[in-house]
Every structure is written in structure tokens, then in C-alpha cells.
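Colleague: Let me begin by handing over the structure; questions about it come next.
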Amino acid sequence: MMIDVDAHKNGYGTILLRHVEEVIKENGFKIMKLETFKENIQAVNFYKKHGWMVKDKKEEESLGVTRIFFEKFVS
């Protein structure tokens, strides 16, 4: 999922992320996972700001990108 670039910095990403986290929690999951690309610095910083921790990184040589895998424990 993504927020349109024209709507960045209006809090919509935080609202969406919190909603998804709440739905995951309500469904009884204990660990949340997501991934993004290392090159998407804005997304990487956004997830870190919201308490997500980098769990792993994987080079996708055929695509020329690095995937970053995040985790967050449900509280």
C-alpha cells in the first residue's frame, strides 16, 4: 500500500499504518511483518519512526535493489 505523493505529510500514512496494526492485533497475531526497498529512504524512515525494526535485508541482484524486511511485535 502507498499514499499518493501529493498527500504525503498530512498524516494519512500514520492513520493507515495504525489501522492496519489494529486489525492485525484484533485478529490475534503476535508479530507483524512488512517489507520495502532500501532505496525508498522515506518509507524506511517512516517505519522506523513508528517502531518497526529491521529484521533482514536481501539483495535482489537481478532487479538491482535491496529489500528490507521489518517486524514489529503486537502490544
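Colleague: Could you list, in sequence order, all residues of the range 16-28 that are surrounded by 12 or more Cβ atoms within 10 Å (Cβ to Cβ) and farther than 16 Å from ILE3 by Cα?
Modeller: GLU21, ILE24, LYS25
Colleague: Taking only pairs six or more apart or across chains, which ones have beta-carbon atoms under 9 Å, a first residue in the range 32-54 that is among the basic types (Lys, Arg), and a second residue that is assigned to a strand (DSSP E or B) and loosely packed, with under 12 Cβ neighbours inside 10 Å?
Modeller: Pairs that qualify, where the first residue is among the basic types (Lys, Arg) and the partner is assigned to a strand (DSSP E or B) and loosely packed, with under 12 Cβ neighbours inside 10 Å, are LYS38/LYS57.
Colleague: Another question, then. Give LYS57, LYS9 a once-over and let me know the one that is surrounded by fewer than 13 Cβ atoms within 10 Å (Cβ to Cβ), part of a strand (DSSP E or B) and not hydrophobic (A, V, I, L, M, F, W, C). Working first, answer last.
Modeller: Numbers: LYS9 fails: part of a strand (DSSP E or B).
That would be LYS57, the only listed residue that is surrounded by fewer than 13 Cβ atoms within 10 Å (Cβ to Cβ), part of a strand (DSSP E or B) and not hydrophobic (A, V, I, L, M, F, W, C).
Colleague: Also, quick follow-up: Residue check, MET2 against (1) in contact with a helix residue (DSSP H, G or I) (Cβ under 9 Å, 6 or more places away or on another chain); (2) free of Cβ contacts under 8 Å to residues at least 12 places away in the same chain; (3) in a strand (DSSP E or B), all met but one. Which one?
Modeller: Among (1) in contact with a helix residue (DSSP H, G or I) (Cβ under 9 Å, 6 or more places away or on another chain); (2) free of Cβ contacts under 8 Å to residues at least 12 places away in the same chain; (3) in a strand (DSSP E or B), MET2 violates only (3).
Colleague: Looking at (1) of a type outside the set (S, T, N, Q); (2) in a loop (DSSP other than H, G, I, E, B); (3) over 18 Å from MET1 (Cα atoms); (4) touching a strand residue (DSSP E or B) at 6+ places or on another chain (Cβ under 9 Å), can you tell me which one GLU39 breaks?
Modeller: (3)
Colleague: For LYS48, indicate whether it is within 13 Å of the chain's Cα centre (by Cα), surrounded by 12 or more Cβ atoms within 10 Å (Cβ to Cβ) and not in a helix (DSSP H, G or I). Steps first, answer last, please.
Modeller: Values: within 13 Å of the chain's Cα centre (by Cα): yes; surrounded by 12 or more Cβ atoms within 10 Å (Cβ to Cβ): yes; not in a helix (DSSP H, G or I): no.
Spelling it out, it is not the case that LYS48 is within 13 Å of the chain's Cα centre (by Cα), surrounded by 12 or more Cβ atoms within 10 Å (Cβ to Cβ) and not in a helix (DSSP H, G or I).
Taken together, the values in this text are just the output of simple stated rules run on the coordinates, not laboratory data. Because the structure is predicted, anything quoted here is derived from the model rather than measured. Quick reminder, even Gly has a Cβ in these numbers, built from the backbone with ideal geometry, and neighbours come from all protein chains shown.
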